[in-house]
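*Asks:* So that we are looking at the same thing, I have put the structure below in structure tokens.
Every number here is computed from the coordinates shown, using simple stated rules; none is lab data. Just so we're clear, the structure is a prediction, and the values are computed from it rather than from any experiment. Because the Cβ atoms are built from the backbone with ideal geometry, glycine has one as well, and the counts that use them run over all protein chains shown.
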Amino acid sequence: MIEKARFAIADYVVFGLMLAISAGIGIFHAITGGRQKSTQEFLMANRSMNFLPVALSVLASFFSASTLLGTPAEIYQFGTMYWISVFSAVMAPITGAFLFGPMFFRLKVLSVFEYLEMRFKSRSIRLFGAFLFVLRAVIGMGIVLYGPSTALSAVTDFPVWAIIIMVGVVCTFYTAIGGMKAVIWTDVFQTVIMLAGMLAVLIQACIKVGGISEVWRICEEGGRISFFDFNTDPHIRHTFWTLIVGIYFVWLPPYTVDQQMVQRFSSTKSLKHAKWALLCNVPGMFILITLCSVTGLTLYAYYTECDPLKDKKISNPNQLLPFFVLDILGHLPGLPGLFVASLFSGALSSVSSMLNSLAAVTWEDFLKIRYSHISDSKATAITKVLALCYGCVGVGLAFLVAQLGGTVLQASLTLNGAIGAPLVGIFILGAFFTSTNWIGTLVGGVCGLAFALWLSVGAYLTTPLDFKLPTSTDGCNVTANISVTMATMMSTMATNMTTTTLSPSDPARLHGLEKLYGLSYLWFSALGILTTVFVGLFVSYATGATDPKDVDDNLQLKLFQRFFSCLCFPPSLDEKEIQMEKVKKDLEKETSFTTWSISVSLEPGIHGSYSVCRVIISHVGSNLREKHIIAPDADLLALV
């Protein structure tokens with residue numbers, strides 16, 4: 001029987017204040033400044049934000065309630081292996097800050113998928129990328145809203161449907177009226193609440209157990225402490241390799257090509273602020289993942305003698321942390337409310353950023369094609385209505401997500417892997433390889449999506465391996481002990497009647513397609529990206545590679561052009577000759593004098609790029625006029 005607890009009046013006050021302040025921030029930005037009357041202000045905050053609030057906004061958006069609930073449950077059930085993922089996860093914002101982010105910032109795109117049309121000269125690939133983002137975001141909203149709602153309803157008298165609707169309405173309200181500035185500043189407020197709530201729980205829990213050293217001792221005796229499993233079998237749920245290599249590819253989509261990140265990155269006042277916004281996520285990610293992991297250890301240490309899951313006090317792992325909080329903090333008025341506020345702060349921050357980005361993508365990539373003639377004020381009104389509509393969709397999907405099993409952390413990471421992977425793949429094809437065409441990229445993206453979804457759905461339907469570590473009910477009541485003892489006897493009898501003695505976590509149990517479905521879920525993202533890239537390269541080569549002279553330098557990541565030259569199907573001209581031809585072509589377009597002769601010479605510049613130019617322009621039958629230009633290629637025409 002699931003035990004229910006009741007909030008004190010102080011808890012209701014704390015939780016209600018969090019919702020009221022979030023809504024108030026939205027109202028403030030709706031009535032001040034430009035009052036959200038332009039798409040630049042509503043969707044991009046007029047590109048005026050400093051790096052710190054943007055950094056906290058990005059962190060809050062990607063560390064939702066799924067992380068706050070799922071990571072402690074993960075550590076409780078499977079041990080500390082997941083903790084080392086922090087060292088790989090922090091590489092994702094660094095990749096975004098120094099590779100993809102600066103390219104998008106200089107292009108001044110509102111929707112990141114504008115890049116795909118510029119690079120491949122095809123609207124089809126742009127729409128495909130936008131569709132993938134919309135699919136991923138709307139399902140993600142369902143996961144984010146459902147997680148804390150079901151957790152809270154299981155240990156209080158709040159019904160799931162009421163919580164989902166209440167939080168969904170508040171979030172949609174302040175996003176629709178306050179725009180990007182409201183989203184960013186509510187994220188800042190909600191990040192503070194998340195940290196305060198988790199710290200309060202962790203400190204009080206350590207006091208209850210007897211200190212962090214006692215927590216560590218109990219977890220070590222219980223077999224929870226394990227960091228360096230170097231097993232190379234890809235079927236093992238968490239090993240050193242899956243958590244260092246696999247998790248990097250899982251975090252790559254949100255921090256490199258995700259619309260939510262690009263919108264915030266581009267809303268800053270300068271590229272320097274934009275880079276710092278992502279780099280500040282490195283210590284932020286480290287702190288949050290570590291905080292949640294240590295909380296998971298305290299969960300196990302506190303319930304080492306009586307597992308509330310086996311004792312039927314809660315029904316699923318997502319309810320572990322809320323049950324724990326009400327168990328140890330229920331006598332302290334206001335603290336359970338602070339914790340619940342921290343959970344829903346994570347949900348609000350994630351959903352609000354999704355709503356704003358969904359509105360931007362739907363307008364820029366789908367509707368603007370047909371309604372580009374309308375005024376900017378009407379376009380802003382449309383984006384606000386879109387945010388409202390997507391809010392309703394997110395609430396509806398939260399009820400569907402209720403049918404999923406497993407922790408919300410795994411569901412969230414699996415979603416990123418299955419749908420986010422082909423998104424990263426198609427941007428890699430565009431930015432790293434000059435010879436890929438739109439046909440190859442589209443086919444690669446479809447194949448990457450199909451393969452990743454096939455793996456994810458197959459793994460969910462079969463669940464062939466079980467890596468949960470054992471827990472005890474020795475300290476529970478007598479009835480529970482008898483029940484567990486009976487269940488253990490029945491399980492032993494069933495095992496003795498079968499012909500196999502293999503462990504539920506032994507990969508040798510897998511046969512046929514189960515070997516594919518039994519791969520660790522953290523490999524799905526990497527496999528989806530690799531499938532997209534290799535299929536895209538092959539099909540591009542088979543259907544006629546793009547002439548690198550037709551690809552603008554601003555649409556390429558120079559750092560990787562040489563590294564991947566063997567896969568790029570390089571043309572006969574070298575980089576120097578290609579850039580010379582581009583400069584000549586651009587200069588010829590700018591002059592109407594067909595009798596002028598233009599010659600260009602390039603010399604090696606900074607970082608090995610050819611940006612120091614000598615341009616000679618002469619008229620037929622006259623003396624030479626020579627100009628020496630020292631400038632990036634993009635500034636040549638203005639100087640000439």
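*Asks:* If packing is taken as the average count of other Cβ atoms within 10 Å, what order do 140-149, 246-255 fall into, highest mean first? Mind dumping the intermediate values first?
*Replies:* Values: 140-149: 28.0, 246-255: 24.6.
Ranking, from highest mean packing down: 140-149, 246-255.
*Asks:* How high is the FRET efficiency between LYS468 and ILE203 when r is their beta carbon distance and R₀ equals 35 Å, given to the nearest 0.05?
*Replies:* Working: r = 28 Å, r/R0 = 0.80.
Computed FRET efficiency for LYS468 and ILE203 comes out at 0.80.
*Asks:* So, one more: Suppose R0 equals 22 Å. What FRET efficiency, 1/(1 + (r/R0)^6) with r the Cβ-Cβ distance, do SER48 and ARG106 give to the nearest 0.05? Numbers along the way, then the final one.
*Replies:* On the way: r = 18 Å, r/R0 = 0.80.
Approximately 0.80, to the nearest 0.05.
*Asks:* In what sequence, highest mean first, do 297-310, 387-400 appear when ranked by Cβ atoms within 10 angstrom? Could the numbers behind the result be given before it?
*Replies:* Values: 297-310: 21.9, 387-400: 19.9.
Sorting 297-310, 387-400 by mean packing, highest first, produces 297-310, 387-400.
*Asks:* Follow-up. Taking 0.36 nm per intervening residue step and subtracting the Cα-Cα distance, what contour gain separates SER122 from ASP233 on full extension?
*Replies:* Details: separation 111, 0.36 × 111 = 39.96 nm, distance 4.11 nm.
Net length gain for the segment: 35.8 nm.
*Asks:* Right, another one. Taking the Cα-to-Cβ direction at LEU555 and at SER38 and moving 7 Å from each Cα, how far apart do the two end points lie in nm?
*Replies:* For LEU555 paired with SER38, the spin-label model returns 2.8 nm.
*Asks:* While we're here: Can you give the FRET efficiency to the nearest 0.05 for VAL446 and SER372, using r as the Cβ-Cβ distance and R₀ = 35 Å?
*Replies:* Details: r = 28 Å, r/R0 = 0.80.
Computed FRET efficiency for VAL446 and SER372 comes out at 0.80.
*Asks:* Another one. Which one of PHE249, PHE158, TYR76 is farthest out on the positive end of the charge dipole of segment 43-413, using unit charges on Cβ (Lys, Arg +1; Asp, Glu -1) and the Cα centre as origin?
*Replies:* Farthest along the dipole direction, towards plus: PHE249.
*Asks:* Let me ask another. Sort the following peptides by mean Cβ neighbour count (other Cβ atoms within 10 Å, averaged over residues), highest first: 220-227, 39-46, 201-208. Can you show the working numbers first?
*Replies:* Values: 220-227: 14.5, 39-46: 23.8, 201-208: 18.0.
The most tightly packed comes first, giving 39-46, 201-208, 220-227.
*Asks:* Pairs of lysine in segment 43-413 with Cα under 25 Å and at least 8 positions apart or on different chains: total?
*Replies:* 21
*Asks:* State the three equivalent ellipsoid semi-axes of segment 43-413, derived from the C-alpha gyration tensor as the square roots of 5 times its eigenvalues, in descending order and whole Å. Provide the component values of the computation, followed by the final result.
*Replies:* On the way: eigenvalues 259, 104, 65 Å².
With the √(5λ) rule applied to segment 43-413, the semi-axes are 36, 23, 18 Å.
*Asks:* Between ALA542 and SER226, 0.36 nm times their residue separation minus their Cα-Cα distance comes to what?
*Replies:* Details: separation 316, 0.36 × 316 = 113.76 nm, distance 4.76 nm.
Separation in residues times 0.36 nm, less the Cα-Cα distance, equals 109.0 nm.
*Asks:* Continuing with this model, one more query. Quote to one decimal, in nm, the extra length available between SER213 and VAL245 on full extension: 0.36 nm per residue of separation minus the C-alpha distance between them.
*Replies:* Details: separation 32, 0.36 × 32 = 11.52 nm, distance 3.06 nm.
Stretched fully, the SER213-VAL245 segment lengthens by 8.5 nm.
*Asks:* I'd like the distance separating the alpha-carbon centroids of segment 194-249 and segment 48-96, in whole Å.
*Replies:* Each part's Cα centre sits 14 Å from the other's.
*Asks:* Right, here's the next one. What distance in nm separates the two pseudo spin-label positions at ILE9 and VAL169, each 7 Å out from Cα along the beta-carbon direction?
*Replies:* 2.4 nm
*Asks:* While we're looking at this one, here's another question. Treating only the Cβ of Lys, Arg, Asp and Glu as charged (+1, +1, -1, -1), what charge dipole size does segment 254-356 show about its Cα centre? Round to the nearest 20 debye. Let's see the in-between values first.
*Replies:* On the way: 7 positive and 5 negative charges, 104 e Å.
Roughly 500 debye, rounded to the nearest 20.
*Asks:* Each residue of segment 68-74 in order: what ³J(HN,Hα) in whole Hz does its phi give by Karplus 6.51 cos²θ - 1.76 cosθ + 1.60, θ = phi - 60°, with x for Gly and Pro?
*Replies:* The phi angles translate into 5, 8, x, 5, x, 5, 4 Hz.
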